[in-house]
Every structure is written in C-alpha cells, then in structure tokens.
Amino acid sequence: MARFIFVAGGVMSGIGKGVATASIGKILQSKGFKVTAIKIDPYINVDAGTMNPIEHGEVFVTKDGVECDQDVGNYERFLNEELTTENYITTGRVYETVIRKERNLEYGGKCVEVVPHIPDEVISRIQKAARKTKADFVLIEIGGTVGEYQNLLFLEAGRMMKLQHPKDVLFILVSYLPVPRIIGEMKTKPTQYAVRTLNSAGIQPDIIIARSEMPLDQPRKNKISIFCNVQEKDVISAPDAESIYEVPINFEKDNLGKLILKKFGIRTKKENLKDWQRLVKIIKNAKKKVKIGIVGKYFKTGDFTLTDSYISVIEAVKHSAWFYKTKPELTWLSSEVYEKNATALKELKNFDGIIVPGGFGNRGVEGKIKVIEYCRKNKIPYLGLCLGMQLAVVEFARNICQMKDAHTTEIVEHCKYPVIDTLSEQKTLIREKKYGGTMRLGEYPCLIKKGSRAHLAYLKSRQGEQNKKGDILVQERHRHRYELNNEFRKNLEDKGLIMSGINPERDLVEIIEISQHPFFVAVQFHPEFKSKPLSPSPLFREFIRAAIHRST
Ligand code: GLN
C-alpha cells in the first residue's frame, strides 16, 4: 500500500520546492523504500514542450517521450530512476482526459463539473502512478505557490485524498523566510499567511520546510510552531546550500526521514546516504578547476541572467567534473555576440571546453556556427548537443566541403545544400501546424561504431550493450524535428566527418565526430538527460576529461 506525500510551496516560487521534493525522495529511498515522484504543473499547456524555456525553464524529456517540467529531471537525478508519463500532470492533461471521457459517454449521463470530476481525475492519475511503480511512497509536488487560483484544484485533490485515507497522506509546505537587508532579521509572517491560505483550502501542513538564506534559529522555530499550528520538531531548517546534492544531508540533520516515517507509523533501521556524503565531500573539496563555456541564448530575462533553461546540461557537466574531483567553472556565452564581434571569438581560447546545447529558431545561429568553427580549428574540446550537432554539420559542410550555402531547413527552408532537414512525416506535421508533442521524442537506440571517440566513452563508462562486432548499442533521449540529411552523408564522410553513431531502425545519423582533435563530438540526442550525479553521462565524462587535459 502506497503512502502519499504532497509538497506545496509558500510565499514565492523558485525556492527549491523541486529539489526539496527530490531530497525527501532520496532520504526515503536511502532508508530502503521504493519512491516515485509526480510533478503537477498548473498550466493549461498539455505538456511543457510548447513553453518558452526563458519563461518556464528547461523542457526535460522522459524515456517515453514526455516533454515535462525540469523538476522531473531533478527527481530522476536524485532517485536514480527513470520516470514516465505518469510522473507528470498538467491542468491541460487533466482537462483533456475529462473532456475526452465526457465525449465518450464515460460519465454515464452525469453533469460533468469542475468539482469533483477534475480532482477525481487528478487522484486517479496519482493512484495509477502508485500502482504502476509499486512505490511505497509517492511524492506529489504541486507547482506554483499556495494562494494562486490555478493550483487550487490540485490542493483540493490532496485534501480529498487525505479525507479518504487520513493515515496515508501527508502534507509538507516548503516556505520561504526572507531576511530583508535593512531589517537584518528573518521574518516569519509571509509563512504564517501561506499556512493560513493553505488552511482555507482545508489543509493543515504536517511539516514545514523553512527555506531561507540562513539556518532557522530557536525563536523563529518557536514562532512558526505557534502561529502555523505545527510542533517545533516538525519545522525543518533549510538554509541555502552550496550544492543541491547537499540538501538531503541537511534535511537529515533535522531528522526529516525519521519524522516522516513516524507520522506514517513506519519503522526502519536502514540508513544509507554514504554515497552522497562522499559526493558532497568531493564537491566541497575539489580545488582543481575546469573552465567550460556554454554558448546559448536562453539566459536573459530583463536585467537578470537565469540558467534554468540549461539545467540538465549544467548538472551533467558538474557530474563529470566531480567524477574527476574537479570544480566546474561555467560561463554563459551569448551566441549573438560572436555574430558581431570577431575578437570575442579569440576569448574562447581561455576555456578548456565549449558546449553548444540544444535550441530552436534563427536567433544566434550564425554566432554558434562561428564558435564551432573556432573550436574545430583551434582544437578546443567541443561537445555539440542536438542543435549543437546540426550546426557542426552545417559548419563542416560550408567550410570543409565547400558547400557555401549549406544550412538547416529550420532556418533557410529552400537552401542550396539542406544538410539538415526534416523527415517526411515531420513536413506534414509542420504544414498542418501540429506542433505539440510531435517532435522525435524520447529514447531511441543508437549503434556506436567500434574505434570511435564516442565508442570509447561508452566503453569506459560500461554503458550500453556490445554486439559481436564490438559496436555498442545505447539508448538516448531525443527532442528534435530535424536530422542530418542522408543525401549529403557520403559527401560529408568523404571529407572526413565521422558518423560514429547510427539509429539502426531508420538509418539516421546520431553522432558525428572529427579525428585529429582533442575532442570534437556532437550528438543528435540529449545525453544530459540521463546523466546522474554518481554515474555521469559517458559523453560528458569524455568531454570533461579532454577539457581537464587541456587545462593542465
Ligand atoms: N531545433 C532543432 C530541431 O528541432 C534542434 C532541437 C534541439 O536542439 N533540441 O531539430
């Protein structure tokens, strides 16, 4: 029988509710339980695929091809589990199902109403996830902040579940305690209001996780306890941490795991966070640095630089750097700069490695191509991800194969050398404007040729299955509409572009590389989605190894 833990957020967004949820999961897992986690996004969007990454952060892709919120990535990284469609709920998905059922006469002539039918559908989705995963604990993170109109129905679903199974449902509020500079004191009032708002939805939090710049002191703990109607021991101090991977360890300092189990009336003696304790030690003690530049365009919002759009790439770089006991130093490079300013290119020499990650549309593309050319010529380790692979092909075609007008048809539809183009089924989808959830999504196989750089990477990491010839079959996750155009494959190969990874089902090029270079590998898929803190992505690992080599 599964137990359910709802996690809601108080005061404001961006306080690490996703990491808190993932950390609770990690703690329970370390005590010997099977855990799964669900993210609820209160958007009408059916999935995150149609959201702008600057507004909503990275679009994470599960192995079964769901485009979801970046928190699902955190859950996978913390739990070391592969999650699926059941782990992501949006308002759009819920309404879509209810309307479909109504059209199919599945409500037996009843008036279909927002309450109870919408919360009922939410509950049935949560229970389905519990059944499918056979989890002992299902964590449900309700997106947004308490008090918003849009997540009310999800709180309602939680309230109804608690009413039906009072012993099996727990509520945790992750709230924020500001320390205003001019006052110089941690304030609890916003959290008090958040709890009252939650109370007005019929919910009393069982535990409050108090996020703040600094640890919670005794007077504040006492105040929260009295005003928010929780015991002092149920208030967990959650100060800012140097690394997100430290959060479970910090929570355990306040005995969060035991506290949760006690509330459910469960006992366990098991305890094993040792591997993460070791990891956190490495993170804190790493001195040697590796400087990585990430060239993108989804960082700026007004006067602020946000890097959420690239979170899995950032985490994958970190995992690999820590593997080599090195401190990653990441710099955000705006691709547009390289279009106007040729001298800026020379500064790339100061980096040990450059990544061009995924992306869409016209802006900054020529700058990225210039960066790739510079890395190729100046032997700077280069890792291209999805668009970063497609543009590496364009660069090679233009500058090595003398196809001056080579491009991707995403940017110039009728170019002379469409070295990157869509598959025929995608052409129909684009014509019919069927954009949502129709890219090449999720896990696909890739056969990696023996003797290549990519092969060495997977071999060293002991990932994938080796066949009789010695080639390695791996599964990696995709999110794109465009592909290397097979019509140009021979031309490119003849000039030295190595096609080291091929999708065996449709004969599509998945990995390209060049020789006589410290590391120049670019992939059509997104290896960052499968990187875990204790088992880094093989390609990132090899890339970082080459970068460290350059730095010394
Ligand atoms: N825009 C490109 C495509 O759709 C690349 C996508 C990506 O980088 N994720 O194929």
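For this structure, a couple of remarks:
- Residue in region 403-418 that is touching a residue at least 60 places away in the same chain (Cβ under 8 Å) and in contact with a Leu (Cβ under 7 Å, 6 or more places away or on another chain) present: no
- Remark: pairs (first residue in region 27-45, within 18 Å of residue 152 (Cβ to Cβ); second residue among the aromatic types (Phe, Trp, Tyr); Cβ separation under 8 Å; 6+ apart in sequence or on different chains) = 38/88; 39/75; 39/88; 40/154; 41/88; 42/154; 44/95.
- Test: residue in region 454-471 that is polar (S, T, N, Q) and within 16 Å of the ligand (Cβ to nearest atom): no
- In region 479-529, the residues that are within 20 Å of residue 353 (Cα to Cα) and of a type in the set (Ser, Thr, Tyr): 515
- Breaking point among (1) closer than 28 Å to residue 332 by Cα; (2) buried (at least 17 other Cβ atoms within 10 Å of the Cβ); (3) of a type outside the set (A, V, I, L, M, F, W, C), for residue 289: (2)
- Residues that are over 24 Å from residue 157 (Cα atoms) and surrounded by 24 or more Cβ atoms within 10 Å (Cβ to Cβ) do occur in region 76-92.
- The residue of region 399-414 that is farthest from the ligand (Cβ to nearest atom), among those that are among the aliphatic types (A, V, I, L, M) and in a loop (DSSP other than H, G, I, E, B), is 400.
- Leading residue by the ranking (farthest from the ligand (Cβ to nearest atom)) among those in region 415-449 that are among the β-branched types (Val, Ile, Thr) and closer than 30 Å to residue 538 by Cα: 448
- Restricting attention to region 502-530, the residues being more than 16 Å from the ligand (Cβ to nearest atom) and not charged (D, E, K, R) number 9.
- In region 289-326, residue farthest from residue 388 (Cα to Cα) [restricted to those that are in a loop (DSSP other than H, G, I, E, B) and modelled with pLDDT of 95 or more]: 325
- Taken residue by residue, region 380-390 has at least one member that is surrounded by fewer than 24 Cβ atoms within 10 Å (Cβ to Cβ), within 12 Å of the ligand (Cβ to nearest atom), in contact (Cβ under 8 Å) with a residue 40 or more places away in the chain and not in a helix (DSSP H, G or I).
A quick yes/no check of all residues on (1) within 14 Å of the ligand (Cβ to nearest atom); (2) touching a residue at least 40 places away in the same chain (Cβ under 8 Å); (3) more than 19 Å from residue 389 (Cβ to Cβ):
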site	(1), (2), (3)
332	no, no, yes
346	no, no, yes
357	yes, yes, no
360	yes, yes, no
368	yes, yes, no
371	no, yes, no
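The values are calculated or read from the model by the stated rules, or taken from the named source; none is laboratory data. Everything quoted here is computed from the prediction, not taken from an experiment. Note that each Cβ is placed from the backbone with ideal geometry, even for glycine, and that neighbours are counted across all protein chains shown.
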